[in-house]
Amino acid sequence: MLLTDKIFAITGGASGIGRAAALEAARHGADIAITDIAPVEAAAPLLREIESLGRRALYVQGDVSKPETAGAFMAAIKEELGGLDVFVSNAGICPFHGFLDLPKEILTKTVEVNLLGAFYMVQAAARMMVDEGRGGSIIAVSSISALVGGEFQTHYTPTKAGVLSLMQSTAIALGRHDIRCNAILPGTIRTAINHDDLSDPTKAEAMMARIPLGRFGEAEDLAGPIVFLGSSMASYITGASLLVDGGCFVN
Ligand code: NAD
């Protein structure tokens, strides 16, 4: 058990990587707070599963791109769970689109959710951790796309590079408060976000050919690394970027 009696909060926890990480953190003994734009009904089975493990589960519906969501989420965590030890900024969107004809609305929305949303949330979580004075761990889910380009992701890759950079700068800003900040960089993981791309056999085959481990990742492949970075096992790791990509980047 790596997170016994810790309080673990995550954005975008209603599905995919966030859902798997929340469940794994509960299995490791943490109480769980989730915020997501999805209605609570979408997360009801997950919340029941967390509670069946003997852990508390808090759900706050909200849009991370609205600055007020961060304050409301932190206030609910403080009131109902009593503090914050691990915070994971995970909510994100990836609407695939070509570059030359990219509508401004898609660009703006992607930046607002992925980059500004991460900033608002990380800042609010850090303020709470500093106020409480017991340190903490902040993890942001960036992407392998922070390091490599993507023809149909020209609006997405800069947001993920921004999130990676945010973790490097906050690692410096928050180190004196014993708050560690790290980025997780998933490769291709089979979740709703890229369901359409992976359903296209030609695209899927080309993507698979680049993965030395010979399979796409599952959401659960990210859960262990997130729990590890949140735990005291990673007590001297801050400002780091952890690729979880089946070896894709080095191929
Ligand atoms: P997902 O679509 O299953 O999960 C994303 C979650 O974020 C959903 O529950 C969704 O409701 C929530 N969300 C979306 N917009 C939101 C908003 N404005 N406010 C609050 N919640 C919002 O996809 P996933 O693959 O689990 O994605 C999780 C993170 O992992 C994202 O940041 C994504 O960019 C990143 N990532 C995914 C992959 C992959 O291949 N799946 C690769 C690299 C990075």
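Values as computed for the structure displayed
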{"read-out": "Residue identified as at positive phi, touching a residue at least 24 places away in the same chain (Cβ under 8 Å), of a type outside the set (D, E) and out of contact with any Pro (no Cβ under 6 Å at 6 or more places or on another chain) among G98, G117, G133", "value": "G133"}
{"read-out": "Top-ranked residue in segment 191-201 [being free of Cβ contacts under 8 Å to residues at least 40 places away in the same chain and within 15 Å of the ligand (Cβ to nearest atom); ranked as surrounded by the most Cβ atoms within 10 Å (Cβ to Cβ)]", "value": "L198"}
{"read-out": "Cβ-Cβ under 9 Å pairs, at least 6 apart or on other chains, segment 208-237 side at positive phi, far side within 13 Å of the ligand (Cβ to nearest atom) and part of a loop (DSSP other than H, G, I, E, B)", "value": "G214/G246"}
{"read-out": "In segment 73-101, the residues that are under 21 Å from S143 (Cα atoms) and over 15 Å from the mean Cα position of the chain (by Cα)", "value": "P95, F96, H97, G98, F99"}
{"read-out": "Of all residues in segment 22-55 being within 9 Å of the ligand (Cβ to nearest atom) and in a helix (DSSP H, G or I), the one that is surrounded by the most Cβ atoms within 10 Å (Cβ to Cβ)", "value": "A43"}
{"read-out": "Neighbours by Cβ (under 8 Å, 6+ apart or cross-chain): first from segment 61-72, within 19 Å of T110 (Cβ to Cβ); second in a loop (DSSP other than H, G, I, E, B)", "value": "G62/I37; D63/I37; V64/G12; V64/I37; V64/A91; T69/G62; T69/D63; A70/V64"}
{"read-out": "Among residues of segment 34-56, those that are touching a residue at least 12 places away in the same chain (Cβ under 8 Å), within 24 Å of N114 (Cα to Cα) and not small (G, A, S), counted", "value": "7"}
{"read-out": "Residues of segment 188-212 satisfying the condition of being within 22 Å of the chain's Cα centre (by Cα) and of a type outside the set (A, V, I, L, M)", "value": "T188, R190, T191, N194, H195, D196, D197"}
{"read-out": "Residues satisfying the stated conditions in segment 1-21, i.e. within 10 Å of the ligand (Cβ to nearest atom) and among the basic types (K, R)", "value": "R19"}
{"read-out": "Subset of segment 202-239 that is β-branched (V, I, T) and in a loop (DSSP other than H, G, I, E, B) - its residue that is surrounded by the most Cβ atoms within 10 Å (Cβ to Cβ)", "value": "T238"}
{"read-out": "Matching residues, segment 33-46, being aliphatic (A, V, I, L, M) and under 16 Å from G62 (Cα atoms)", "value": "A33, I34, I37, A38, V40, A42, A43, A44"}
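Per-residue answers, yes or no, for (1) under 16 Å from the mean Cα position of the chain (by Cα); (2) farther than 22 Å from A9 by Cβ:
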position: L115; (1), (2): yes, no
position: A126; (1), (2): yes, no
position: R134; (1), (2): no, no
position: S142; (1), (2): yes, no
position: F152; (1), (2): no, yes
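Read-outs: derived from the displayed coordinates by stated rules, not from any lab. These numbers come from a predicted model, not from an experiment. Positions of Cβ are backbone-derived with ideal geometry, glycine not excepted, and every protein chain shown enters the neighbour counts.
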